[in-house]
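A.B. asks: My questions will all concern the structure given below.
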Amino acid sequence: MSVAVVTGSAGLIGSEAVRFLCDKFDVVVGIDNDMRRYFFGNEASTLWNCNELKATVASYVHRSADIREQKDVNAIFAEYGSDIELIIHTAAQPSHDWAAREPLTDFTVNANGTMILLEATRQFCPEASFVFTSTNKVYGDNPNRLPLFEDETRWEVDPSHGYFEKGIDESMSIDYCKHSLFGASKAAADLVVQEYGRYFDMNTVVFRGGCLTGGGHSGTELHGFLSYLMRCCVEGRPYTVFGYKGKQVRDNIHSSDLVNMFWQYHQAPRPGEVYNAGGSRHSHCSMREAITLCEEISGRKLDYTVVDDNRIGDHIWYVSDVSKFREDYPDWSYQYDLEAILGEIYEGWQKRLQKAAG
């Protein structure tokens with residue numbers, strides 16, 4: 001029997017992974033206790049997605065467990081043992097604003113939970129691939145020290161700089177900068193995942209994501225900006241842009257493209273590897289540019305306000321250089337650009353809101 005384990009299985013990346021893996025493994029075990037509802041409120045709950053997985057994915061087995069509880073995690077791993085071939089760890093507290101409210105909760109979920117999963121992997125299925133979804137926030141605000149200039153709709157890095165063509169690569173330092181508490185807890189997890197690969201020679205990998213997005217995202221104000229931005233357009237909600245004149249730049253990768261990166265790694269794992277994983281120059285935009293696209297796709301004007309105060313440790317400009325991954329795994333390529341991503345997000349919100357309205 002072949003088994004894959006996905007943590008955060010009802011979330012955006014987790015559910016995408018479950019659906020991708022369901023015909024590749026005999027059993028896909030999902031671990032998710034809907035902590036997103038605790039973090040961000042009822043409207044951010046992923047219960048709807050969990051119920052869809054249970055109803056539509058025959059090979060899916062759900063476990064409503066907390067990754068901070070070692071006994072519960074070990075029981076799941078002991079049940080399947082060496083049949084587990086792949087672990088995709090997406091469960092997290094994902095907001096740097098929320099982390100400041102409950103630093104201990106943030107750290108225990110992001111860092112301790114990851115450590116517990118790594119130890120379970122080492123004890124019960126040490127040959128498995130362990131895929132960790134990290135974040136570009138491990139670089140802290142170091143990207144803000146790049147030579148940036150202000151254009152009409154965006155901030156941009158100076159064309160003479162090495163990061164202009166492809167974006168920021170994995171050589172950027174994670175030291176001597178402000179990360180936000182979220183960035184620090186994810187950096188701790190990021191490093192220990194690398195260490196298990198290098199020290200124990202396990203097949204661990206870190207993917208430092210840009211903005212991870214797609215139609216299955218339960219976007220909310222504190223996390224999932226493209227999804228929440230489109231929801232505000234569709235529902236006529238007011239939207240607040242925090243700082244940088246609304247010209248801050250993000251790259252955006254569809255959940256399907258990211259899960260395909262995970263799969264490519266699993267086919268030929270490299271212990272302790274690290275990759276930046278975002279939309280790169282292929283799929284990136286400023287907040288103002290994203291607003292314009294959302295208005296065009298939804299056919300509605302957005303009621304938005306730009307405030308002066310930026311979020312602590314937030315990036316002014318971030319574009320991921322994914323060329324290292326492409327060199328190691330040349331069969332991978334993007335399937336979604338920004339317009340396709342936003343079109344799918346729009347359709348996803350339309351369906352969910354229509355269903356909620358009865």
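The values are calculated or read from the model by the stated rules, or taken from the named source; none is laboratory data. This one's a predicted model, so the numbers in the text were calculated from it and none came from an experiment. Neighbour counts are summed over all protein chains in view; Cβ atoms, including those assigned to glycine, are modelled from backbone coordinates with ideal geometry.
A.B. asks: Which ones in region 95-111 are of a type outside the set (Lys, Arg), without any contact (Cβ under 8 Å) to a residue 60 or more places away in the chain and surrounded by fewer than 18 Cβ atoms within 10 Å (Cβ to Cβ)?
C.D. replies: Selection gives 102, 104, 105.
A.B. asks: While we're looking at this one, here's another question. Please tell me if residue 65 is buried (at least 24 other Cβ atoms within 10 Å of the Cβ), modelled with pLDDT of 95 or more, in contact with a helix residue (DSSP H, G or I) (Cβ under 8 Å, 6 or more places away or on another chain) and not β-branched (Val, Ile, Thr).
C.D. replies: No: the conditions fail for residue 65.
A.B. asks: So, one more: Just to be sure I understand, how many residues within region 307-333 are of a type outside the set (D, E, K, R) and touching a strand residue (DSSP E or B) at 6+ places or on another chain (Cβ under 8 Å)?
C.D. replies: 10
A.B. asks: Can I ask one more? Suppose we filter region 12-38 for residues that are of a type in the set (A, V, I, L, M, F, W, C) and either without any contact (Cβ under 8 Å) to a residue 24 or more places away in the chain or crowded, with 23+ Cβ neighbours inside 10 Å (or both); how many remain?
C.D. replies: Here the count works out to 8.
A.B. asks: Would you call residue 198 among the charged types (D, E, K, R), over 16 Å from the mean Cα position of the chain (by Cα) and modelled with pLDDT of 95 or more?
C.D. replies: yes
A.B. asks: Just for strands (runs of 3 or more DSSP E) wholly inside region 223-297: which have at least 1 residues that are surrounded by fewer than 19 Cβ atoms within 10 Å (Cβ to Cβ)?
C.D. replies: The strands (runs of 3 or more DSSP E) meeting that bar are 238-242.
A.B. asks: Which of (1) in contact with a Lys or Arg (Cβ under 6 Å, 6 or more places away or on another chain); (2) over 15 Å from residue 86 (Cβ atoms) is the odd one out, the single condition residue 31 does not satisfy?
C.D. replies: Here residue 31 meets the rest and fails (2).
A.B. asks: Filter region 167-176 for residues that are surrounded by 17 or more Cβ atoms within 10 Å (Cβ to Cβ) and out of contact with any strand residue (DSSP E or B) (no Cβ under 6 Å at 6 or more places or on another chain) and give the result.
C.D. replies: Matches in region 167-176: 168, 172, 174.
A.B. asks: Moving to a separate point now. Looking only at residues that are more than 16 Å from residue 250 (Cα to Cα), small (Gly, Ala, Ser) and out of contact with any strand residue (DSSP E or B) (no Cβ under 7 Å at 6 or more places or on another chain) in region 112-147, which one is surrounded by the most Cβ atoms within 10 Å (Cβ to Cβ)?
C.D. replies: 113
A.B. asks: When you look at residue 59, is it at negative phi and surrounded by 16 or more Cβ atoms within 10 Å (Cβ to Cβ), yes or no?
C.D. replies: yes
A.B. asks: OK, next. Quick one: which of 88, 76 is among the aliphatic types (A, V, I, L, M), in contact (Cβ under 8 Å) with a residue 24 or more places away in the chain and within 25 Å of residue 215 (Cα to Cα)?
C.D. replies: The match here is 88.
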